[in-house]
Amino acid sequence: MSRPDKPATQPNLPSKRADYEVGYAKPPVSTRFQRGQSGNPSGRRKGAIKKRTALPALNDERLKTIILEEAYRSISINDPNGQIDIPMAQAVVRSLAVNAAKGNQRAQRLFTELLTSVERDNKKLHDEWLKTAINYKAEWDEELARRKKFGIEAPSPLPHPDDIIIDMNTGSVRIKGPMTKEDKVRWDQLRDLKVSIKENIKEMTALLDTQPEDRDQIKAEIQHSQRVLKMISAVIED
């Protein structure tokens with residue numbers, strides 16, 4: 001007795017019954033992916049979605065950075081001597097000053113306030129620097145005197161108080177010596193070179209009478225040494 005052919009295996013298709021349950025992880029039949037249909041019909045490459053711009057860190061003052069970059073970005077302006085490039089901030093201040101000079105009262109007030117603020121800040125910095133220099137010099141003079149009294153040997157401070165020149169009439173402070181250990185190495189080298197050049201000039205000058213045939217060459221050598229000595233003396237005073 002022949003048996004009916006076994007029906008071919010059918011894929012598990014979603015039920016199309018009217019009472020098909022729709023809910024979590026059970027979308028409607030009409031919206032489910034169909035066999036043989038791409039799940040990416042638009043063909044967009046993986047990872048092609050535009051990434052969101054990273055947010056700045058809590059300590060990242062990004063807006064200040066942008067403002068400073070714009071403030072010092074070079075722009076071209078017309079000048080009596082031709083077109084020149086200057087920072088944006090300078091161009092803004094120049095425009096403000098020009099309008100003030102032309103009689104614009106608002107520009108005059110803003111420029112005056114700006115100038116007063118800058119001069120006040122500069123005066124404050126100058127007074128603080130002068131006070132710091134006076135205190136530093138006085139305290140180290142006292143400390144060096146104490147060391148000398150008790151025979152204490154210790155490295156000298158940098159800068160040395162003797163190298164700090166204070167003009168109380170003008171309130172200016174000038175340092176004529178090294179400020180750091182690295183500076184001191186260079187200054188010591190220049191001091192040694194200065195002594196060597198002076199000795200060379202002295203020896204070459206003595207040769208002027210003993211070697212008259214080389215007088216012009218000796219004079220040229222002396223002049224060159226004197227120019228170098230002058231440049232070094234501008235930095236390191238006697």
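The values are calculated or read from the model by the stated rules, or taken from the named source; none is laboratory data. Here the structure is a predicted model, which is why all the values come from computation and not from measurement. Side chains included, ligands, DNA and RNA excluded: accessible areas come from the protein's heavy atoms. Shrake-Rupley method; radii C 1.70, N 1.55, O 1.52, S 1.80 Å.
Quick notes on this one:
- Other-chain or far-sequence residues with amide H under 5 Å of Ser172's (modelled H): Asp167
- Residue-wise HN-Hα couplings along segment 80-91, as the Karplus relation 6.51 cos²θ - 1.76 cosθ + 1.60 with θ = phi - 60° gives them from phi, are x, 8, x, 7, 10, 9, 9, x, 4, 4, 5, 5 Hz; Gly and Pro carry x.
- The heavy atoms of Thr170 present about 90 square angstrom of accessible area, all protein chains included, probe 1.4 Å.
- Accessible area (Å², 1.4 Å probe, nearest 10) - Arg215: 90 Å²
- Accessible surface, per residue, of segment 120-160 when the full set of protein chains is kept, probe 1.4 Å, Å²: 82 Å²
- Restraint check, Lys148/Lys184; Lys131/Lys181; Lys123/Lys148, Cα-Cα greater than 27 Å: Lys123/Lys148
- Carbon and sulfur %, accessible surface of segment 79-161 computed with the full protein complex present, 1.4 Å: 56 percent
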